[in-house]
1. Among what's in the stretch 117-127 and is within 16 Å of I158 (Cα to Cα) and more than 15 Å from the chain's Cα centre (by Cα), pick the residue that is surrounded by the fewest Cβ atoms within 10 Å (Cβ to Cβ).
2. Has the stretch 45-53 got any residue that is at pLDDT below 95, open to solvent by less than 60 Å² (accessible area, probe 1.4 Å) and over 16 Å from the mean Cα position of the chain (by Cα)?
3. In the stretch 191-210, which residues are open to solvent by less than 60 Å² (accessible area, probe 1.4 Å) and of a type in the set (G, A, S)?
4. Do the conditions hold for A163, that is, is it open to solvent by 20 Å² or more (accessible area, probe 1.4 Å), over 13 Å from I107 (Cα atoms) and among the aliphatic types (A, V, I, L, M)?
5. Mind checking whether some residue in the stretch 135-151 is basic (K, R) and open to solvent by 40 Å² or more (accessible area, probe 1.4 Å)?
6. How many residues are buried (at least 18 other Cβ atoms within 10 Å of the Cβ) and among the small types (G, A, S) when one looks only at the stretch 28-44?
7. If only one of S159, S184, S150, S144 is farther than 23 Å from P88 by Cα and among the hydroxyl-bearing types (S, T, Y), which one is it?
8. Restricting attention to the stretch 73-115, which residues are small (G, A, S) and open to solvent by 40 Å² or more (accessible area, probe 1.4 Å)?
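The values are calculated or read from the model by the stated rules, or taken from the named source; none is laboratory data. All of these numbers come straight from a predicted model, not from anything done at the bench. When we count neighbours, we look across all protein chains shown, and the Cβ atoms used for this are built from the backbone with ideal geometry, even at glycine. Accessible surface areas use protein heavy atoms only, side chains included; no ligands, DNA or RNA. Shrake-Rupley method; radii C 1.70, N 1.55, O 1.52, S 1.80 Å.
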Amino acid sequence: MASTPESLRAVWLGRMGFEEALALQLAARERVIAGEPGVLFLVEHPPVLTLGRRGRREDILWSEEQRAAAGVTVCEAPRGGEVTLHGPGQLVAYPIVAVGRRIREHIVRLGDVAIAVLGELGVDGCEFRMEHPGVWRGSEKLASIGIHVSRGVAVQGISINLAVDPELFGALVSCGLHGVTVTSAVAVGGRATTVEAAARRFAAVYAAQLGLPLVWEGVEGYGSDRR
């Protein structure tokens with residue numbers, strides 16, 4: 001099925017570094033601004049701490065030696081927010097879509113879709129909170145949201161913890177929130193799944209909420225050097 005301006009394209013990137021995925025997003029934003037349909041990138045990152053525009057280096061708790069031993073890198077991100085962890089066992093969804101001034105609506109939708117996906121895995125009692133954007137279950141945070149909007153088109157998105165190594169959460173003060181427990185779906189009794197399977201469910205629910213048909217495409221042709 002060919003994509004049209006009335007469809008949502010989805011691309012499963014597999015395991016990909018944060019900076020490479022960011023380059024894809026920024027290139028895709030230019031094409032969406034030029035009139036192409038939106039695209040949803042879904043990815044699993046190697047261990048990385050990303051600093052948003054308000055990110056503070058002091059919120060990175062592990063030393064350079066500790067990070068090197070665990071294979072954790074540090075990258076800057078254009079999104080809002082502070083320091084966030086990405087890593088294996090986490091689904092990251094990056095919708096590159098036109099939002100105009102409907103930024104809050106976009107953020108809430110990301111949270112709603114994550115709650116639906118977590119619910120399908122048996123994780124109930126989740127709620128979206130705007131004051132610290134993400135999905136929470138009581139005092140525990142399961143998903144974080146951080147976006148950047150330029151010329152009406154969003155990049156970055158949401159990370160959903162499915163089965164992340166809990167030791168990695170000790171590397172940082174997540175989102176600048178001291179004393180907050182960050183956890184994964186499996187740690188609160190959710191059913192285990194692959195990141196790719198969760199990605200495909202996220203894409204289906206997200207497209208349905210937008211009221212658009214979903215079109216899966218390969219990563220070929222989405223390089224930042226595409227013209």
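1. Among them, the one singled out is E127.
2. No - not one qualifying residue is present in the stretch 45-53.
3. Residues satisfying the conditions are A197, A198, A199, A203, A204, A207.
4. Against the criterion (open to solvent by 20 Å² or more (accessible area, probe 1.4 Å), over 13 Å from I107 (Cα atoms) and among the aliphatic types (A, V, I, L, M)), A163 qualifies.
5. yes
6. 2
7. So the residue among S159, S184, S150, S144 that is farther than 23 Å from P88 by Cα and among the hydroxyl-bearing types (S, T, Y) is S150.
8. Scanning the stretch 73-115 gives a single hit, A98.
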